Structure formats: structure tokens, C-alpha cells
Amino acid sequence: SGVIGLIVTRKLTLADLPSVPLIDIVVDLGKAAQAALHEVNNAAAQHDVATAEKVWSGDEKLDDLYLVVVNRISAHAGAHPHTIDACTQLHFIAKAFERIGDQATNLAEIVRFQAIGTLPPLERPKKA
């Protein structure tokens, strides 16, 4: 996939740059995206609408985590200008992970449509 190639390329570039203490939060975002993709693949294999809807609903949490990651990366880059190149690479990796989450959401919509013939509502329910 193009997204995976982008992540690998960015990781290789990042290896040559100054260390940035934000890797763990980017990895957490990647794990969340991977979990969503795994869940939706299982939902598709089992025609499991409930799990597909769980993935679809969970995209908002993944988006929120992405915003936290981007804000932390930006703050770190601003406070430590010598890490701007590394922070830029981390931002690209985070965006790729967020995109994987979006793709999992799109697959969840397809699973639902194939099973019951309707798409989810255009808007997710608002947070309480």
C-alpha cells in the first residue's frame, strides 16, 4: 500500500535525525489504527455489522488522538527548533496512521451496506 510505503520511508529518514521524545505517542496512534483495521477485517469476514459500526463510531477517538499527536509535535518543534525535521517526519507518519483509520472507517461503511443495505448516518452522534 502507498500509506505503508510512506511510513517506512519516513521511518528510515527519521533514523538519521535528532531523537524526539514523541515516538511513543505516534506509536500509540499507529496501534489504534492497526486495531481498527484488524477489527473491520474481522467484521467483513464474519459479516458482523455491530463490529463494523463500532469501528465506524471509534474513528472519532482516533481523530482526536491524531490531533493530540499533531499538537504535541508542533509544540515540541516550536520549543526545540533543531528537531523540526524529525518532527515533520513524525507528523507525516501520524497522518499516514490517521489515514489508515479513515480507510478502516470506509471499510466499516461497506460492511454495513453489504449486510443491511444502508450506510451509517452522515454525521456521528455528538459526544456527551
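The values are calculated or read from the model by the stated rules, or taken from the named source; none is laboratory data. What you see is a predicted model; the values in this text were computed from it and never measured. Note: ideal-geometry Cβ built from the backbone for every residue, glycine included; neighbour counts use all protein chains shown. When the accessible area is computed, the model is the full protein with side chains, heavy atoms only, and any ligands, DNA or RNA have been set aside. Shrake-Rupley method; radii C 1.70, N 1.55, O 1.52, S 1.80 Å.
Find out how many positive minus negative residues lie around T51, taking Lys and Arg as positive, Asp and Glu as negative, among other residues whose Cβ is under 14 Å from that of T51.
-3
So what are the ³J(HN,Hα) numbers for the stretch 37-44, from phi and the Karplus equation (6.51, -1.76, 1.60; θ = phi - 60°), rounded to whole Hz, Gly and Pro as x?
Each residue's phi maps through the Karplus curve to give 5, 4, 4, 6, 5, 5, 4, 5 Hz.
Computing the accessible area with a 1.4 Å probe over protein heavy atoms, can you report the carbon and sulfur percentage for the stretch 28-68?
Answer for the stretch 28-68 is 56 percent, counting heavy atoms of protein chains only.
Treating the stretch 17-116 as a set of equal point scatterers at the Cα positions, no solvent, please give the Debye-formula log₁₀ I(q)/I(0) at q = 0.10, 0.15, 0.18 Å⁻¹.
Results for the stretch 17-116 at q = 0.10, 0.15, 0.18 Å⁻¹ read -0.32, -0.59, -0.74.
How do 21-31, 52-62 rank on mean C-beta neighbours within 10 Å, highest first?
52-62, 21-31
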